[in-house]
Amino acid sequence: CLDSNGKVHEFSSNWRTEDCHDCSCHRDGIKCCSSFATPVGYDEQKCVKIFNKETCTYKVVEKYDSSKECPVHGWVG
């Protein structure tokens, strides 16, 4: 399989992309899905979501005090 970056992957192989998607190569092509959940249902006026590419996770914190986490009422992924 040839991925979008031009790298060749063997059949039945798995890998994680730089933008945190888990991919696999099969004879019928490449399949990818996100490896992370996205926060929903939080106070978007007061809070902001921050993505960490090292851990492939989101954190939701107050806009003006990032030391304070905000409650999140749902996650989609």
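Tabulated results
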read-out	value
Inter-residue pairs, beta-carbon under 7 Å, first of a type in the set (D, E, K, R) and in the range 36-52, second open to solvent by less than 40 Å² (accessible area, probe 1.4 Å) and not in a strand (DSSP E or B), 6+ apart	D43/C70; K46/C70
Candidate set: the range 15-45, residues that are closer than 29 Å to V72 by Cβ and surrounded by fewer than 11 Cβ atoms within 10 Å (Cβ to Cβ); chosen: the one modelled with the highest pLDDT	Q45
Residues located in the range 1-17, provided they are closer than 22 Å to T55 by Cα and touching a residue at least 24 places away in the same chain (Cβ under 8 Å)	R16
Among residues of the range 50-76, those that are over 26 Å from D3 (Cα atoms) and either open to solvent by 80 Å² or more (accessible area, probe 1.4 Å) or among the polar types (S, T, N, Q) (or both), counted	11
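The values are calculated or read from the model by the stated rules, or taken from the named source; none is laboratory data. What you see is a predicted model, and the numbers here were worked out from it, not measured in a lab. When we count neighbours, we look across all protein chains shown, and the Cβ atoms used for this are built from the backbone with ideal geometry, even at glycine. Side chains are part of the model used for accessible areas, which takes the heavy atoms of the whole protein and leaves out ligands, DNA and RNA. Shrake-Rupley method; radii C 1.70, N 1.55, O 1.52, S 1.80 Å.
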